[in-house]
Amino acid sequence: MTWIGDNTGLIWTQLGQHIYLSLIPMVLGLVISVPLGYVATRFSWLANPLVALGGVLYSLPSIALFIVLPAIIGTKVLSQANIIIALTIYAVSLLIRNVIDGLRSVPEDVLQAAVSVGYGTLRRVVTIDLPIAVPVIFTGLRVVTVANISMVSVGAIIGVGGLGQLFTLGFQQDFLTPIVVGVVLSLALALIADISLVGLQRLLTPWARAVVPVKEVVR
Amino acid sequence: MIQGFLDYITDPANWSGAEGISNRIAQHLGYTFLSLLIAAVIAFPVGLLIGHTRRGAFIAINTANAWRALPTLGLLTLVVLLIGIGKVPVIIALVVLGIPPILASTYAGVSGVDRATIDAARGMGMTGREILTKVEIPIALPLIISGLRSATLQIVSTATVAAYVALGGLGRYVIDGLSLRDFPQMLTGAVLVAVLAILLDLCFAAIGRYAVSAGLTGRLRRNTDTKTSTAPAPAGV
């Protein structure tokens, strides 16, 4: 307990690093996968290869990706960029499937109604397709966010890992407290992020409150 | 950087011996299969029980959700500090990470079987055990296999990280290479683990393709259709 009191500065710093190392890839993942998913629904031959590629990329162990990336894109081995890019790749490879499924779940008659009252493509996608796809996209987004928060810690092995650095610290000093603090904060962060996303989804889909929620996809 | 990696991985001297690549791959696969086996032995029956009786679903779903949030490095360092350095604590940690996906997908597969199908089986006079083994498990098989697949990928990945707490396997190249600032060696470990994960993933895809009943996948539907419609009369008649 005294360790926690003596090291609040360190804990806050690592918590802060953990938050942005996990949230930036989530946002980037969403920003990349939504247009990509839209393109894949327009040119449907792209959809299956993209989802398959996502499956392969998602199966890569995170530590492997953290180390292979510098060799491919030329970043420094101990750079935060590796973690952010690797987690963004995971986010896109998982989200792309949900975005495609979500956009495909928009009923055909709704699309036709929008076109016939004069909606242009961009306006239709933003104001009609995406809101209808929100529940399916958010199912993937919740998985991505929680998985990212737990994966950031692995980065501590190569020196950039937010709360993960409390694990390596505790391990090197044969001292349990930092590890327990790290695990608890990491779990709490995942829980808060998940609850926030559920809240955000409710805000974005006010009509869904009246009906049965979309059945969650089991992965 | 890539040249150094190619030199490292194509050097025969790096492939042989106790610290050679062949042995590290064998170790990595050994840890993975041992942990997967123990996790399956524990999780599979529990998943079947919860799915078959449809009680305790709350536990199955929540363990699976909490599992995703658990930082693997935290779990590894915690278990090793509590039990001590060695293979056993690490295997325990790997098993702990392997259980939730198998449990959750077995539960989801078995409890997702259409009630009408189960009623039909019961109507034909099947006992509870027969319904489980002849109806529920075969129908749940695609999900069960995908749960095993998730567990395997998680274990392969975590076994790499476990080199940090003194496990052998391919993670050794990553951790040792890092402390020596030997980047080609790190890259060798990372690439081999990635290839191993993809190969295991393909194995599960193949198992899924051939183990799942043709009646479920529709793989043989066209064949059976033509057989039933154009089947010649038995020769002896």
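The values are calculated or read from the model by the stated rules, or taken from the named source; none is laboratory data. Note that the structure is predicted; figures quoted are calculated from it, not measured. Every residue, glycine among them, receives a Cβ derived from its backbone with ideal geometry; neighbour counts consider all protein chains shown. Please note that ligands, DNA and RNA were not included when accessible areas were found on the heavy atoms of the full protein model with its side chains. Shrake-Rupley method; radii C 1.70, N 1.55, O 1.52, S 1.80 Å.
Just give me the residues in region B:145-190 being within 30 Å of residue B:45 (Cα to Cα), open to solvent by less than 10 Å² (accessible area, probe 1.4 Å) and of a type in the set (Val, Ile, Thr), in sequence order. Lay out the reasoning, then the answer.
We begin by selecting, within region B:145-190, every residue within 30 Å of residue B:45 (Cα to Cα); these are B:145-162, B:167, B:169.
Next, from what is left, pick out any that are open to solvent by less than 10 Å² (accessible area, probe 1.4 Å): B:147, B:151-152, B:155-156, B:158-162, B:167, B:169.
Across region B:145-190, the qualifying residues are B:152, B:155, B:156, B:158, B:160, B:161.
Condition first: under 18 Å from the mean Cα position of the chain (by Cα) and either surrounded by fewer than 23 Cβ atoms within 10 Å (Cβ to Cβ) or modelled with pLDDT under 90 (or both). Can you find one or more residues in region B:117-127 that meet it? Write out each step before concluding.
We begin by selecting, within region B:117-127, every residue under 18 Å from the mean Cα position of the chain (by Cα); these are none.
No.
Looking only at region B:1-15, which residues are within 10 Å of chain A (Cβ to nearest Cβ) and open to solvent by less than 80 Å² (accessible area, probe 1.4 Å)?
Narrowing region B:1-15 to residues within 10 Å of chain A (Cβ to nearest Cβ): B:1-2, B:4-5.
Result: B:4, B:5.
For region A:84-100, how many residues are away from chain B (no Cβ under 12 Å) and within 23 Å of residue B:4 (Cβ to Cβ)?
So the answer is 1.
Somewhere in region A:51-66, is a residue under 17 Å from the mean Cα position of the chain (by Cα), within 25 Å of residue A:132 (Cβ to Cβ), in a helix (DSSP H, G or I) and away from every other protein chain (no Cβ under 14 Å)?
The answer is no; no qualifying residue exists.
Filter region B:107-116 for residues that are under 30 Å from residue B:68 (Cβ atoms) and in a helix (DSSP H, G or I); which is most open to solvent (accessible area, probe 1.4 Å)?
Quick first cut of region B:107-116, residues under 30 Å from residue B:68 (Cβ atoms) only: B:107-115.
Applying the additional criterion that residues be in a helix (DSSP H, G or I) yields B:107-111, B:115.
Numbers: B:107: 35, B:108: 20, B:109: 7, B:110: 0, B:111: 28, B:115: 117 Å².
Among them, the one singled out is B:115.
Just need a number here: residues in region B:33-65 that are open to solvent by 60 Å² or more (accessible area, probe 1.4 Å), within 14 Å of chain A (Cβ to nearest Cβ) and aliphatic (A, V, I, L, M).
1
Taking interchain pairs and intrachain pairs at least six residues apart, which have beta carbon atoms under 9 angstrom, with the first residue in region B:181-197 and more than 7 Å from chain A (Cβ to nearest Cβ) and the second among the aromatic types (Phe, Trp, Tyr) and surrounded by 24 or more Cβ atoms within 10 Å (Cβ to Cβ)?
So the pair list comes out as B:182/B:173; B:185/B:173; B:188/B:173; B:189/B:173; B:192/B:173.
Kindly list the number of the only condition in (1) surrounded by fewer than 21 Cβ atoms within 10 Å (Cβ to Cβ); (2) more than 30 Å from residue A:177 (Cβ to Cβ); (3) touching a helix residue (DSSP H, G or I) at 6+ places or on another chain (Cβ under 7 Å) that fails for residue B:104.
Result: residue B:104 fails condition (1) only.
Residues B:77, B:133: which one is of a type outside the set (A, V, I, L, M, F, W, C), at pLDDT 90 or above, over 25 Å from residue A:94 (Cα atoms) and out of contact with any Phe, Trp or Tyr (no Cβ under 7 Å at 6 or more places or on another chain)? Show your work before the answer.
Details: B:77 fails: out of contact with any Phe, Trp or Tyr (no Cβ under 7 Å at 6 or more places or on another chain).
Of B:77, B:133, the one residue that is of a type outside the set (A, V, I, L, M, F, W, C), at pLDDT 90 or above, over 25 Å from residue A:94 (Cα atoms) and out of contact with any Phe, Trp or Tyr (no Cβ under 7 Å at 6 or more places or on another chain) is B:133.
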